[in-house]
């Protein structure tokens with residue numbers, strides 16, 4: 001079974017693309033959601049995060065996400081330490097999940113697939129892109145962030161040009177009909193490559 005990495009900057013529409021793969025019967029694992037779930041359920045992760053950020057980082061068994069986000073937002077060193085706690089746990093969770101799947105391939109969706117080197121563990125990778133202005137509009141509509149806040153978050157991520165050089169497939173997500181066609185085209189290519197390998 002092949003592992004296909006799916007990534008894209010904020011507002012690019014990774015979730016929409018993941019949904020189209022699900023419609024084709026392909027199992028999708030969303031790393032960010034798994035990370036949030038593990039922060040809520042893993043005693044080991046809770047212990048490590050409290051050690052890193054202090055008691056204020058949890059309220060009972062629930063992580064104080066806004067507090068943690070405010071700490072790592074402007075401190076790349078702290079963010080790296082947090083990722084070193086979360087990423088190995090997500091990786092193990094994904095492996096356990098993948099064992100239960102029986103499709104020709106699965107989608108592993110992660111926001112920072114290239115930045116963390118996670119793409120090296122995938123057979124192929126897909127990058128979702130969209131024009132910067134369109135991404136900003138989507139995010140303003142979705143979570144009512146200011147343009148400045150969104151641009152700051154975007155500036156913390158690798159630019160699409162850098163990621164494009166590393167991706168096997170690129171989906172330009174401007175309108176849904178075209179995006180769906182691109183997903184179906186990639187799906188067919190992956191299945192054909194699987195038959196020929």
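Annotations for the structure displayed:
- Scanning the stretch 32-51 turns up at least one residue that is closer than 30 Å to residue 177 by Cβ and either touching a strand residue (DSSP E or B) at 6+ places or on another chain (Cβ under 8 Å) or in contact (Cβ under 8 Å) with a residue 24 or more places away in the chain (or both).
Matching residues to (1) under 29 Å from residue 4 (Cα atoms); (2) within 20 Å of the chain's Cα centre (by Cα); (3) free of Cβ contacts under 8 Å to residues at least 40 places away in the same chain:
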| site | (1), (2), (3) |
| --- | --- |
| 63 | no, yes, yes |
| 69 | yes, yes, yes |
| 125 | yes, yes, no |
| 148 | no, no, yes |
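- Across the stretch 105-123, the qualifying residues are those that are in contact (Cβ under 8 Å) with a residue 60 or more places away in the chain and assigned to a loop (DSSP other than H, G, I, E, B), and the one among them that is farthest from residue 9 (Cα to Cα) is 123.
- Per the listing 152, 182, 157, the residue uniquely surrounded by fewer than 16 Cβ atoms within 10 Å (Cβ to Cβ) and assigned by TED's automatic domain parsing to the domain that holds residue 112 is 152.
Results for (1) modelled with pLDDT of 90 or more; (2) in contact with a strand residue (DSSP E or B) (Cβ under 8 Å, 6 or more places away or on another chain), shown as yes or no for each residue.
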{"site": "125", "(1), (2)": "yes, yes"}
{"site": "142", "(1), (2)": "no, no"}
{"site": "165", "(1), (2)": "yes, no"}
{"site": "171", "(1), (2)": "yes, yes"}
{"site": "180", "(1), (2)": "yes, no"}
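- Sole exception among (1) part of a helix (DSSP H, G or I); (2) under 14 Å from the mean Cα position of the chain (by Cα) for residue 4, by number: (1)
- Annotation note: of 26, 68, the sole residue that is part of a loop (DSSP other than H, G, I, E, B) and either outside the structural domain of residue 166 (by TED's automatic domain parsing) or closer than 30 Å to residue 175 by Cα (or both) is 26.
The values are calculated or read from the model by the stated rules, or taken from the named source; none is laboratory data. In this text the structure is predicted, and so the values were computed from the model without any measurement. Cβ sites come from the backbone with ideal geometry, for glycine too, and all protein chains shown count toward neighbours.
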